[in-house]
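Asker: So that we are looking at the same thing, I have put the structure below in structure tokens.
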Amino acid sequence: MPYPEALVTPMRRELAQLGVEELLDAEAVEKALDESKQGTTLVVINTVCGCAASSARPAIAMALRHPVQPDRKVTVFAGQDLDATARLREYLAGIPPSSPFVALLKEGEPVHVLERRHIEGRSASAIATDLVHAFDAHCGAEEASAEASEPAAAENGLPPTFRSIL
């Protein structure tokens, strides 16, 4: 059963005010994922938990002040947008479901992922720094030189552009 809309509205608004597009159903997720095959897309799974309120959403707000930005920014709300969240998690097969969750997609593939375990207990500024580094590496004009200097990803079934924060 979804959370009451009155409960999640202020939490939705925090990201919407930053220009993050809400994906309310599976069809909207499909469209956004199709669009993500060109350029970069920041994907956020929002939630009501304390680490989303104290760390994830504030970190996203800080990172979105950085001059280098993803081409698109989208979000679903876990516990509220049930079909949309389920479809997004299907697309991210191989990445354990968690919320809050943030991923940067490049040409439709995840290149940077922050799971709940990378968010919980960390400061918003530390998380924002992680996101800014990912933006710089994958979204801006500097991305070509940054990628050229990075070693190839290990043979682990992940896209060659994937870079773990661990």
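Asker: Taking K and R as +1 and D and E as -1, what net charge do the other residues with C-beta under 13 Å from the C-beta of residue 32 add up to?
Answerer: Every neighbour counted, the sum reads -4.
Asker: What is the gain in length, in nm to one decimal, between residue 109 and residue 30 on full extension, counting 0.36 nm per residue of separation less the C-alpha to C-alpha distance?
Answerer: The span from residue 109 to residue 30 would gain 27.0 nm if fully extended.
Asker: Let me ask something else about it. Enumerate the amide H contacts of residue 80 below 5 Å, restricted to partners 5 or more residues apart or on another chain; note that Pro and chain-start residues carry no placed amide H.
Answerer: 3
Asker: What whole number of Å gives the distance from the Cα centroid of segment 7-51 to the Cα centroid of segment 61-86?
Answerer: 4
Asker: Now a separate question. What is the set of long-range amide H partners of residue 73 at a cut-off below 5 Å, with H atoms built 1.01 Å from backbone N?
Answerer: Here the answer is 21, 42, since their amide H atoms fall under 5 Å of that of residue 73.
Asker: Counting Lys +1, Arg +1, Asp -1, Glu -1, what net charge surrounds residue 77 among other residues with beta carbon under 12 Å of its beta carbon?
Answerer: So the surrounding residues net to -3.
Asker: Still on this structure, I have one more. If you average 1/r over all unlike Cα pairs in segment 5-149 and invert the result, what Kirkwood radius do you get in angstrom?
Answerer: For segment 5-149, the Kirkwood estimate is 15.0 Å.
Asker: Where does the charge balance sit around residue 23 when Lys and Arg score +1, Asp and Glu -1, over other residues with C-beta under 13 Å from its C-beta?
Answerer: -3
Here, each number is a calculation from the coordinates, and none is a lab measurement. Everything quoted here is computed from the prediction, not taken from an experiment. In this analysis, Cβ positions are derived from the backbone assuming ideal geometry, glycine residues included, and neighbour counts consider all displayed protein chains.
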